[in-house]
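Q: Structure below; questions to follow.
The values are calculated or read from the model by the stated rules, or taken from the named source; none is laboratory data. Just so you know, these numbers come straight off a predicted model, no measurement behind them. Glycine also receives a Cβ, built like all others from the backbone with ideal geometry; neighbour counts cover every protein chain displayed.
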Amino acid sequence: MQFAVGINMKKESLYEKIYNDIAEGIRTNKYPPGSRLPSEKELSELYKVSRITSKKALEMLADRNIILRMPGKGSYVMEKAKDSAYLQVLGKKRDDGAGTIGVIMDAFGASYGYQLLLGIERECKKHHLGFMLKCTYGSKKSETEAIDELLNLGVSGIIIMCVHDETYNEEVLKLTVENFPVVLIDRNLKGIPIPYVGTDNYKAAKELTGWLFDHGYANIGFVTHASVQTPTILERKNGFVDSHLEHNVVTNETTWLTNLRSMLPVDSDKETASELSDLKLIIDYIKNNPGLNAFFAVEYTIGILVYKALKILEIDKDKKVVFFDGIDEIYDPQPVFTRVKQDEFRIGTNSVDLIVEKINGKPGADTRLIPYEIIEGKSLQVT
């Protein structure tokens with residue numbers, strides 16, 4: 001997706017400054033075709049930056065066929081560098097302040113992500129700002145490639161929904177160290193000072209679990225995918241556990257199911273078989289824990305699989321399923337399932353507001369927690 005652009009952008013980041021200065025030097029013939037450019041070490045000393053930063057600027061120029069990097073010999077201006085479209089685009093960008101941001105999503109769909117992107121698109125229009133979308137499908141490697149590609153395209157900031165993983169992506173950390181404008185959405189990186197927009201997952205999970213207790217469901221199973229230690233899912237787990245403590249109920253982790261995989265985004269065509277495998281796991285899990293009368297699923301797709309399993313076992317009217325997110329009912333004004341409804345649209349608009357602030361040089365790592373709702377569903381006893 002890409003839209004018309006034109007806002008007052010931030011002061012250049014360090015590697016952009018080096019990139020733009022060299023590009024300007026090529027345009028003005030300070031660095032004529034065939035000439036050798038300063039080395040990474042010379043640039044790092046001149047601009048008082050790390051060699052990682054100077055290297056990144058030179059790599060961007062090389063990726064755009066503006067310069068040629070020769071290991072052990074240096075970097076040289078290409079013969080046709082002055083005719084490069086990238087140099088012309090860069091010049092226009094510096095003159096009129098036009099800008100584009102990158103948006104990286106793990107994945108998106110009707111149950112979560114679609115409204116978030118609508119919010120981003122709407123707010124970008126408001127700021128006359130363009131955006132480019134990349135999806136990573138659960139791959140940290142794809143996430144790294146998306147970051148590199150967006151940086152090479154010259155985006156002025158990146159909004160990113162990190163992949164489900166228990167370790168941080170070093171490329172995201174590098175952007176933060178180099179003060180490049182980055183805003184995280186949906187999944188926060190604990191202990192890392194990066195602006196974040198999302199839901200208070202701990203509070204929402206605690207409230208959703210409390211709803212079950214308040215409605216007479218005291219034996220609750222916890223069902224999640226294999227990424228239970230990622231920040232967002234960990235917050236939901238902690239909210240679930242602490243709600244038990246508040247209600248003087250002992251949490252029994254032996255009644256949890258934590259190894260589902262079909263709902264994790266993957267760039268493949270094997271999702272159907274994986275879903276059937278997970279469905280079998282859930283059926284066996286329910287059979288082995290007959291005392292459970294409710295199930296807390298961390299995401300919509302998991303909740304629906306649990307409900308399918310209950311239907312197959314013909315006990316769906318005796319058990320309750322709650323979860324996060326979901327698809328609003330169009331034909332039935334009364335939803336079937338009780339769930340946490342995140343305000344995706346506002347998460348999207350706020351992420352753009354925050355990235356614009358960072359682009360314009362606002363310091364700090366703001367956290368914006370967007371209000372959510374507990375949508376109460378009708379009883380599954382109703383036919």
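Q: Among the residues that make up the stretch 78-97, is at least one of them in contact with a strand residue (DSSP E or B) (Cβ under 9 Å, 6 or more places away or on another chain) and at pLDDT 90 or above?
A: Within the stretch 78-97, not a single residue is in contact with a strand residue (DSSP E or B) (Cβ under 9 Å, 6 or more places away or on another chain) and at pLDDT 90 or above.
Q: Looking at the stretch 293-323 only, could you name the residues that are part of a strand (DSSP E or B), more than 27 Å from the chain's Cα centre (by Cα) and of a type outside the set (Gly, Ala, Ser)?
A: Matches in the stretch 293-323: Lys320 only.
Q: Quickly run through the stretch 201-224 and pick out the residues that are surrounded by 17 or more Cβ atoms within 10 Å (Cβ to Cβ), closer than 30 Å to Gly157 by Cβ and touching a strand residue (DSSP E or B) at 6+ places or on another chain (Cβ under 9 Å).
A: Passing the criteria: Asn201, Ala204.
Q: For the structure I just gave you, tell me whether Val163 is part of a loop (DSSP other than H, G, I, E, B), surrounded by 17 or more Cβ atoms within 10 Å (Cβ to Cβ) and over 16 Å from the mean Cα position of the chain (by Cα). Don't jump to the end; show me each part of the working.
A: Numbers: part of a loop (DSSP other than H, G, I, E, B): yes; surrounded by 17 or more Cβ atoms within 10 Å (Cβ to Cβ): yes; over 16 Å from the mean Cα position of the chain (by Cα): no.
No; evaluated as a whole, the condition is false for this residue.
Q: For the structure I just gave you, tell me whether Pro290 is modelled with pLDDT of 95 or more and over 18 Å from Val322 (Cβ atoms). Steps first, answer last, please.
A: On the way: modelled with pLDDT of 95 or more: yes; over 18 Å from Val322 (Cβ atoms): yes.
So Pro290 passes the test.
Q: Looking at (1) modelled with pLDDT of 95 or more; (2) among the polar types (S, T, N, Q); (3) not in a helix (DSSP H, G or I), which is the only condition Asn350 fails?
A: Result: Asn350 fails condition (3) only.
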